[in-house]
Structures are given as C-alpha cells and as structure tokens.
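Asks: Sending over a structure as structure tokens; questions will come in a sec.
The values are calculated or read from the model by the stated rules, or taken from the named source; none is laboratory data. Because the structure is predicted, anything quoted here is derived from the model rather than measured. Ideal geometry is used to build each Cβ from the backbone, glycine not excepted, and the neighbour counts take in all protein chains shown. All accessible areas refer to the heavy atoms of the entire protein, side chains included, with ligands and DNA or RNA removed. Shrake-Rupley method; radii C 1.70, N 1.55, O 1.52, S 1.80 Å.
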Amino acid sequence: MFRNNYDNDSVTFSPQGRIFQVEYALEAIKQGSVAVGLVSKTHAVLVALKRNAEELGSYQKKIIGIDTHLGVALAGLAPDARVLSNFMRQQSMSSRLLYNRPVPVARVVNAIADKAQVNTQHYGRRPYGVGLLVAGVDETGPHLWEFQPSGMVLEYRGASIGARSQSARTYLERTYEEFAESSREELVLHGLKALRDSLAQDKELTIANTSVAVVGVGGEKFRLYDGDEVGEWLEKLGNVQSSRGGRGAEEEEEAQAAPEETMDTTE
Amino acid sequence: MNHLPEVWGRPRNDVYGAYDHSYLQGSHPMQHTQQPIVTGTSVIALKFNGGVVIAADNLASYGSLARFTDVERLKQVGTHTVVGAGGDISDMQHLYEKLLDSLIIKEEYQNDGHSLRASHIYRYLSRVLYHRRCKFDPLWNTILVAGWDDGKPFLASADLLGTTFSSPALATGFGAHLAVPLLRRVCPDENAVKSLTKEKAIETIEECMKVLFYRDARSLNKYSMAVITGEGVEQVPLSGEGKEKVHVEWKKDITLENQSWKFAEGIRGYGAQTV
Amino acid sequence: MTSIGTGYDLSNSVFSPDGRNFQVEYATKAVENGGTAIGIRCKDGVVLAVEKLIGSKLLVPGSNKRIAMVDRHVGLACSGLIPDARHFTSRARSEAASWRKFYHTPIPVSSLADRMGGYAQAYTLYSSVRPFGVTAIIAGMDEEGGPGLWMVEPSGVGWGYFGAATGRGRQAAKAELEKLPLPNITVKEAVKHAARIIYFAHDDNSKDKDFELEMTWVRHEKLATAESGEGIVKGWGKHEEVPKELVAEAEKLAKESMVEGGDDEEMEVEE
C-alpha cells in the first residue's frame, strides 16, 4: 500500500488534498467479511457472511438490531460497530421517549455520520474502523444507507461492503431494477445470491455462517435469522457453492482472521 | 484531554450530557418558580367529525388588572398542530418561541419527508413540563395540543405538574369547570365525535367563550379560534406519496356577540346590597 | 503539481518561509476535486445549484441531498469533502439558532457568512486540527440587505458575490456567470441559467461521469408567487427546493443548449 509523510494522523492533508488515515480506515472494512443490503417497496433486507477464527469457535455476529424498525450489518472492526450501534440505540430510544415516534432512518444515520466526522478532524483521534449498512423502515418507506468511517453516508437501493464485495455489487448492479417490486422472499434470495458471488473459492453458504435480517412496512418488526432458521432460505436458494474457480482476477487471500484483529498492511 | 477534577471518573459527555458547573459554587441560589405573574386564562377545545376546534381569549392579566388585551395564546406548530396555553405568559412565550420554534426549524432541516405532528409535539411538551416539575422549577402552564394525526383528530392536555390526559372535549383553568360540561353535552365521549359536525362544534365553542366571559372574572370578550380539518389517509402509503391533507383555519379578533347580562340583576349579597 | 512543502507542509498552522500555510492549500485541493456548486444573486432572491456526481447507479435518485437549509431563510451548498460539509452546516445552524435566541430575530446573511468565515479560520490556527476540506456557498435573504450570496473557503476567506462557483467546474462556471447581467435578473430566469451552467461545467470536466442536478432558491416569503418590480426585494426569505417542473424545464433547455455545441466559445480547462 502507500507509505508517505502525510499518513500519520487525521489532521494532515496530503498535497493532493487526501486524508490518508481516513482512507486507511476504509481498508479495515475490506478486511471484514462481506455484508449485503437491499430494499424493495415493502422491505429492507440485510444478509451477511459470518466468520470464525477457528473451527471450534463461535462466529462473529454481523447483524445488530437497533430498534423494532431498524438494524445494521457491519464489516470491519466489530468493537467500533458495537460503540456505534449502542449510540444508535440511544438515539432511537430518545426519539421514542421524547417524541413518541420511531426515529426516522435518515436521522439516526446522520447522527453517526456527524459523530464519525469529528474523529477525522481532531488530533489524537482515529476514524472508526467499521462500515455499516443501515436498513430500516419509517413513515416514508424502507431505506438502506451505507455508512463509512469518513462520515460519508449515502442512501442506496442495494449495497455491499467487506471482502470481495465487488462481486456482490456487480450482481446488485445487474439486478437492482427488479428489487422494487420483489416480494419478501425474492428480495432475500437476491441478497443471498449477491452474497454467494462474494464467497472465496471452495467456500459455501451454510446455516452456521449465514445471517439474514428482514424488516418491512406495516409494522413488520426487524427480525434476525441465524442458524437453523436460515436453512429454509438456503434450501430455496439451492446452490450454496462459491462460483469462484481457480485463480480469480482478485488476489484477495482467504482471510480467516476475525475482523477485530489488527489490519495487515500487505505490500 | 481534560484532566481537571470536574471530569475525574466522569462518563462521556455525549452520553450523559456536559458537566453542570452550577454545582461547583457553594451558596448558589436555587431558582424555584413560586407563582405565575402575568397570566392567561382558559383554553377550550372540542373534537368533531373531521377535525378539532380550539379557542382562547386575547387577555394577559396582571393579577386583577386586565393588562394586555392583544395577546395571541394559540400557536400553530408545523402544519398539523395548534397549541393553546393558559397560565404564566412568560413561560408560554418561552415554550412557543424558544422551544417550539426551534423544534420545528430543526425538523425542517432534515428535509427527509418527515414532519412533527400533534402526537409528537404533545409528547415533547409533556416531557419538558414533567422534567421542569422534577427540578422544582415548573413552566407554570396548562397546555392543550390540538391537531390532526394518523387520520384522526387529536386533542390532549398537559400541565405544570406533568399530568397528561386526552378527551374529545377539553379545557384549562376555569374552562375545565364551566366549559367542559357544556362541551360534553354535545360530545359526551369518543363515539360521539363521528356525529358532531364542524358547524355545531364551532357554535358550541362560541357559546362556551360567552359563558366564560360572564363568569370568569379574568377573561376578555375578544378571542381567537383555530379550526383544524384533515382529509385523513389513515395509513400513509408505502412510498410516502399521497400524504394527509391538513388545513388550519384561523379566526382572529372575534368579539362576543348576543350577550345577555340580565342575570346580573338577580345577583344578591355583594357589596352594599343587602336584599 | 504544487511544490511539496519540504517539511513545512506536514502540520497545520505552520508557516512556510514564504508565508504559506500548506495544509490550507492542500485542503483547497480537496475542494477542487469535488462536484461543481454555483450561486446566483438576483433582484428578488438567490439560486443555488449543485452538480451531484453519481458514484453508483445503486444510489437512490433524489436522495443524498447536498444543499442544506440553515434557519428558514438561508441555503448552504458545499463542494469538497462531504462529511466536512455536514460539520460546517451543523455549526452554521448552531450560529443561526444562538443568534435567534440572543437577538430575537433571524440571523442576517452577512453575519452568518462572517461567523462561518471565522469558524473556518479557527481550524487553520492549531496543529491539533485540520482545515475544512470544503468551500461553502451561503445564499440567503434578509430584511436589511435583501438577497445575499457569500462564499467561504477553507482558509476562512469569505467574500460577497453576485455570482459564485466552486468545485471542479468552477473555471467554466465562472466564465459563464460573468456573462450574466447580475443582479438584474429574476430567480425564475436564474434557474434556467444555473441549470445550463452546471451542465456546461459538467460537460467540460466530468463528461464520463453521471450526475444529478440539485437546485434550491431563496425568495421572499410573502411575495413567493408575485412578480417582483424594479428594485431589489428586501425582507426575510424562505429557502426551498426549486419546484420539480421548473427544474425539469430548465434541464431540458440546458440539454438542448449543450447539443447546439455549448454557449459561445468553449473553455478549455487544464488542471
């Protein structure tokens, strides 16, 4: 990667006007396993690939519920995601207590965006090392937002973050026009197909490593599916195998390291 | 990093709020509101089929002096709600201008298709009032929040103690004793709302304002009224299109008419009159 | 490429031997990479327009707004690092709120611009922070001065303008803005010009990328529907999005003018 005089802290611009520490934080996200989000007119769905450090170990939780109408999928430093999701939960509770309404998705997303931006402009702080896909439903319908450590938040119809996420993104770009009218099940299957495209060679989606979450309009609460409950969808999906064969164009190594370990700066 | 004593062992500011330095001074006088000074009297309101009507007179009294006769005690908050306040006028102004105005501006900032409606503003005001009561520094008001929410008329009351309740017919101050029975005659309960027309509701409110002027010694014969009507869409459709249409109609400087003070001749026992 | 500061450019607040704060200059570079933003000051209001470059077709169209509202009568459009723009907007809103609280009246546009200039400048004084990577265009309308348009740069410098442009297409946009008879046009006319200028600037600098046009205006609250007379309209304005039909019409005219080979001479901009 890069190594230069301007990458020591977030308060240094490079001569080209870049802030390298923020860009490095984005690299941390790429070290985490893939997560995909997508929306239709009626639902917002998150699917994620979980990782374990060793065969006997548990899998890292990738999707966190924030409120009954809102949840996030993370990729990158999981402890940073925990801090941000706790903050989102507080914002959510505060909205219900103070205004008697579920917090609109864009608001809570803007709150973490501003929080993250502060860490990119003060000495001694480091940017958050996690990317989030925030999926939720409010009065204006279902929404999906992508959060980045730079403080940038954008609303998407379909998005993916993490290792080999470009393959998932390509799938989403090819099929996004179908999302709006998709049924709940079709939407989840689209998500799983996108996820499958990002699998490393010889890997497959299993009930142990796949996480699905769905939230819908009309009061359908945010629901997280793990373990056996995911089995039904994997069966509907049919083929759970990675489509990668041989050496792909990407030279991503099969990272088995849990996302919360320090990032390697590979040359 | 701040290493001064005020932050030792202190959890984060963004979670628990900034340190309150008023605790550092030894004999810092604590302010407790003891009594309202310039006051407004009743606010009355009534639900009808398709909306709510709310009214309040234009008087701010200074004890027994009718001091200011051009005060607007009703306020439109956003597009869906009208708030009416009785009690201390300076606290009312604080609520209206410092709190509600900036609340609405901040909501508009978001520009995301969401807006604060009656139930949200009501919850916010009740929380503020209760919080102040807990600090023993209340905002000395009783407030009615009237509006259109979720395809239905909305009407609720909140006071300086933080007490909250809702009913199709509500009033503050003297109105609670004199006007509510009259309002309840035309609208005894929630079911009766459907059969009450706008015209009848306005007529009843006008009648109550007259009665209050007869009997409330701190009232005025000039008042304002707001009529909120909505074309309900009970559940806003998925894409947020086709939102509810809400209309707020204002009537200002209404003067009481057809007063009959004949009853005054029948009053005995005041002043020098002995028979 | 600008001369690397050889050691004087690693920290903010440091002066180089020739009196420059390189970190501020690098911050300006970040602005130059951002999408174009322009403002036009008219007789009866101000128009803001932003070239929203679209990074992916998965983005929700019409979402991710770039022009923010400050109080009711001011609009703020930024070019550069978007998260910094949000911080800047947040501060502008606080300034407007505290002015309202203190003086019981909305903040005049010039005072807001002054405060924001001061705030941006403060971030050039200490090595523990970095300058803002945005140039902000502040457009509003107040009782005293009527319509007002200001542009604040990362250094804290802020000037009042009749026509302002920043971002990658600023050279092309400035050239077009100079041709307009400012301030003697109405907001309705300015909307058409703004669309055309953004399209022109886009074509000149980012032809290969897709973009969305976002436009807002600030007009007198009460006279919103009335035609304005001869003089400058004074009074508190209301910042709003330009109605969809007007935007659509302006974009159509803009596209037509592009097909005709652009306006007058072609500007060639070399970075």
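Asks: In whole Å, what is the distance between the alpha-carbon centres of the stretch A:131-162 and the stretch B:108-142?
Replies: Value for the Cα centre distance between the two parts: 29 Å.
Asks: With point charges of +1 on the Cβ of Lys and Arg and -1 on the Cβ of Asp and Glu, referenced to the Cα centre of the stretch A:28-237, which listed residue (A:H190, A:I112, A:G162) lies farthest in the positive direction of the dipole?
Replies: The residue sitting most towards the positive pole is A:I112.
Asks: Anyone know which of A:T68, A:T140, A:T12 comes out most mobile in the 10 Å Cα GNM of chain A?
Replies: A:T140
Asks: For peptide B:100-112, how many partner chain Cβ atoms fall within 10 Å of a residue's Cβ, on average?
Replies: Values: counts 0, 3, 6, 1, 1, 9, 2, 2, 4, 9, 7, 7, 13.
The mean count of partner-chain Cβ atoms within 10 Å per residue comes to 5.
Asks: Ignore the peptide's own chain and count Cβ atoms of other chains within 10 Å of each Cβ in C:124-133; give me the average, rounded.
Replies: On the way: counts 0, 0, 3, 4, 6, 5, 10, 3, 1, 6.
For this peptide, the per-residue mean of nearby foreign Cβ atoms is 4.
Asks: Let me ask you something else. When Cβ neighbours within 10 Å are restricted to other protein chains, what is their mean count per residue of peptide A:137-147? Don't skip to the answer; put the middle values down first.
Replies: Values: counts 1, 4, 10, 9, 7, 2, 3, 2, 3, 3, 0.
Other-chain Cβ atoms within 10 Å of each residue's Cβ, averaged: 4.
Asks: So how do A:W145, C:W159 rank on accessible area, 1.4 Å probe, biggest first, that is with the largest at the start?
Replies: On the way: A:W145 25, C:W159 160 Å².
Ranked list, largest accessible area first: C:W159, A:W145.
Asks: If we sort C:88-101, C:164-177, B:249-262 on the protection proxy, mean other Cβ atoms within 10 Å, highest first, what's the order? Before the final figure, lay out each step's value.
Replies: Details: C:88-101: 18.6, C:164-177: 23.9, B:249-262: 10.7.
By packing density, highest mean first, the sequence is C:164-177, C:88-101, B:249-262.
Asks: Which shape class, rounded, prolate or oblate, goes with the protein assembly as shown when its Cα gyration tensor gives a ≥ b ≥ c as root eigenvalues, a/c under 1.5 marks rounded, and past that a/b bigger than b/c marks prolate? It would help to have the intermediate numbers written out before the result.
Replies: Values: a/c = 1.87, a/b = 1.50, b/c = 1.24.
Because a/c hits 1.5 or more and a/b exceeds b/c, the protein assembly as shown counts as prolate.
Asks: Under 13 Å from the Cβ of B:K210, count the other residues' Cβ atoms, weight Lys and Arg +1, Asp and Glu -1, and hand me the total.
Replies: Values: positive: B:R215, B:K222; negative: B:D57, B:E203, B:E206, B:E207, B:D216, B:E257.
Residues close to B:K210 contribute a combined charge of -4.
Asks: Also, quick follow-up: What are the residues whose amide H is under 5 Å from the amide H of B:R67, where those residues sit 5 or more places off or on another chain and H is modelled from the backbone?
Replies: B:A60, B:S61, B:Y62
Asks: Tell me: how much accessible area in total is hidden between C and A, 1.4 Å probe, Å², nearest 100? Please report the intermediate quantities before stating the final value.
Replies: On the way: alone 13910 and 13620 Å², together 24690 Å².
The summed interface area works out to 2800 Å².
Asks: Any idea what angle helix B:198-215 forms with the longest principal axis of chain B, computed on alpha-carbon atoms, 0 to 90 degrees, nearest 10?
Replies: Tilt of helix B:198-215: around 80 degrees.
Asks: Between A:S182 and residues 5 or more places away or on another chain, which pairs have amide H atoms under 5 Å apart, with H built 1.01 Å from N, and which residues are they?
Replies: A:K41
Asks: Can you give me the relative contact order of chain C as a percent, contacts being Cα pairs under 8 Å and 6 or more apart? Before the final figure, lay out the partial values.
Replies: Details: 583 pairs, mean separation 71.6, N = 271.
Across chain C, relative contact order equals 26 percent.
Asks: Can I ask one more? Å³ per residue of the Cα convex hull, for the stretch A:28-237?
Replies: On the way: hull volume 25.5 nm³, N = 210.
Convex hull volume per residue, Cα atoms: 121 Å³.
Asks: Taking the full set of protein chains and a 1.4 angstrom probe, give the accessible area of B:S219 in square angstrom, rounded to the nearest 10.
Replies: 20
Asks: Okay, next question. If you count only protein heavy atoms and use a 1.4 Å probe, how large is the accessible surface of B:K245, to the nearest 10 Å²?
Replies: Here the residue's solvent-accessible area equals roughly 130 Å².
Asks: Can you list the lysines whose alpha carbon is less than 27 Å from that of C:K252, not counting same-chain residues fewer than 8 positions off?
Replies: In chain and number order, the partners are C:K43, C:K52, C:K57, C:K65, C:K174, C:K179, C:K188, C:K192, C:K207, C:K209, C:K238, C:K244.
Asks: Right, another one. For the stretch A:225-232, what does the Karplus curve 6.51 cos²θ - 1.76 cosθ + 1.60, with θ = phi - 60°, yield as ³J(HN,Hα) per residue in whole Hz, taken in order and with x for Gly and Pro?
Replies: Calculated HN-Hα couplings, in order: 10, 9, x, 4, 4, 6, x, 4 Hz.
Asks: Please build a GNM for chain B, connecting alpha carbons under 10 Å apart, and tell me which residue among B:Y19, B:Y122, B:Y214 fluctuates the most.
Replies: Among B:Y19, B:Y122, B:Y214, the largest mean-square fluctuation in the Gaussian network model of chain B belongs to B:Y19.
Asks: Here's something else I'd like to know. Read phi for every residue in the stretch B:135-149 and hand back ³J(HN,Hα) as whole Hz from Karplus 6.51 cos²θ - 1.76 cosθ + 1.60, θ = phi - 60°, with x for Gly and Pro.
Replies: 8, 6, 9, x, 8, 7, 9, 10, 10, 10, 10, 10, x, 10, 9
Asks: Please list, in chain and number order, the residues 5+ apart from A:R157 or on another chain whose amide H is under 5 Å from its amide H, with Hs placed from the backbone.
Replies: Under 5 Å from the amide H of A:R157 lie the amide H atoms of C:L59, C:V60, each far enough along the sequence or on another chain.
Asks: Expressed in nm², what is the orientationally averaged projection area of the convex hull enclosing the Cα positions of chain C?
Replies: If you wrap the Cα atoms of chain C in a convex hull and average its projections, you get 15.6 nm².
Asks: Please state the shape class of chain B: rounded when a/c is under 1.5, otherwise prolate if a/b exceeds b/c and oblate if not, all from the C-alpha gyration tensor.
Replies: Cα axes put chain B in the oblate bin.
Asks: Between C:V14 and C:V60, what is the FRET efficiency for a Förster distance of 41 Å, r being their Cβ-Cβ separation, to the nearest 0.05? If you can, show how the numbers build up before the last one.
Replies: Values: r = 43 Å, r/R0 = 1.04.
Efficiency, from the Cβ-Cβ distance: 0.45.
Asks: So what is the relative contact order for the stretch B:113-256, in percent, with contacts set as C-alpha pairs under 8 Å and at least six apart?
Replies: The normalised contact order for the stretch B:113-256 reaches 19 percent.
Asks: Right, next: Kirkwood hydrodynamic radius of the stretch B:1-84 from all distinct Cα pairs, in Å?
Replies: Details: mean 1/r = 0.0553 Å⁻¹.
For the stretch B:1-84, the Kirkwood estimate is 18.1 Å.
Asks: If B:K47, C:K192 are ordered by their accessible area, calculated over protein heavy atoms with a 1.4 Å probe, which sequence runs from highest to lowest? The partial results should precede the final answer.
Replies: Working: B:K47 15, C:K192 85 Å².
Ranked list, largest accessible area first: C:K192, B:K47.
Asks: Additional query: For the stretch C:172-221, what class follows from the C-alpha gyration tensor (a ≥ b ≥ c being the square roots of its eigenvalues): rounded when a/c is under 1.5, otherwise prolate if a/b is larger than b/c, else oblate?
Replies: Numbers: a/c = 3.55, a/b = 1.54, b/c = 2.30.
Note, shape of the stretch C:172-221 comes out oblate.
Asks: Can you give me the Cα centroid spacing of the stretch A:4-56 and the stretch A:181-205 in angstrom?
Replies: Between the Cα centres of the stretch A:4-56 and the stretch A:181-205 lies a distance of 21 Å.
Asks: Would you mind getting the Kirkwood hydrodynamic radius of the stretch A:87-190 from its Cα pairs, rounded to one decimal in Å? Could you put the intermediate results ahead of the total?
Replies: Working: mean 1/r = 0.0649 Å⁻¹.
One decimal place: 15.4 Å for the Kirkwood radius.
Asks: Can you tell me, using C-alpha contacts under 8 Å and at least 6 residues apart, the relative contact order of chain B as a whole percent? It would help to have the intermediate numbers written out before the result.
Replies: Details: 523 pairs, mean separation 60.3, N = 275.
Over chain B, the number comes to 22 percent.
Asks: Here's something else I'd like to know. I need the phi-derived Karplus couplings for the stretch B:53-69: 6.51 cos²θ - 1.76 cosθ + 1.60, θ = phi - 60°, integer Hz, Gly and Pro marked x.
Replies: Result, ordered by residue: 10, 9, 9, 7, 7, 9, 9, 10, 8, 10, x, 8, 8, 7, 7, 10, 10 Hz.
Asks: For the ranges B:137-146, B:183-192, what's the packing order if you count other beta-carbon atoms within 10 Å of each residue, average per peptide, and put the highest first?
Replies: Numbers: B:137-146: 24.5, B:183-192: 14.9.
Output ranking for B:137-146, B:183-192: B:137-146, B:183-192.
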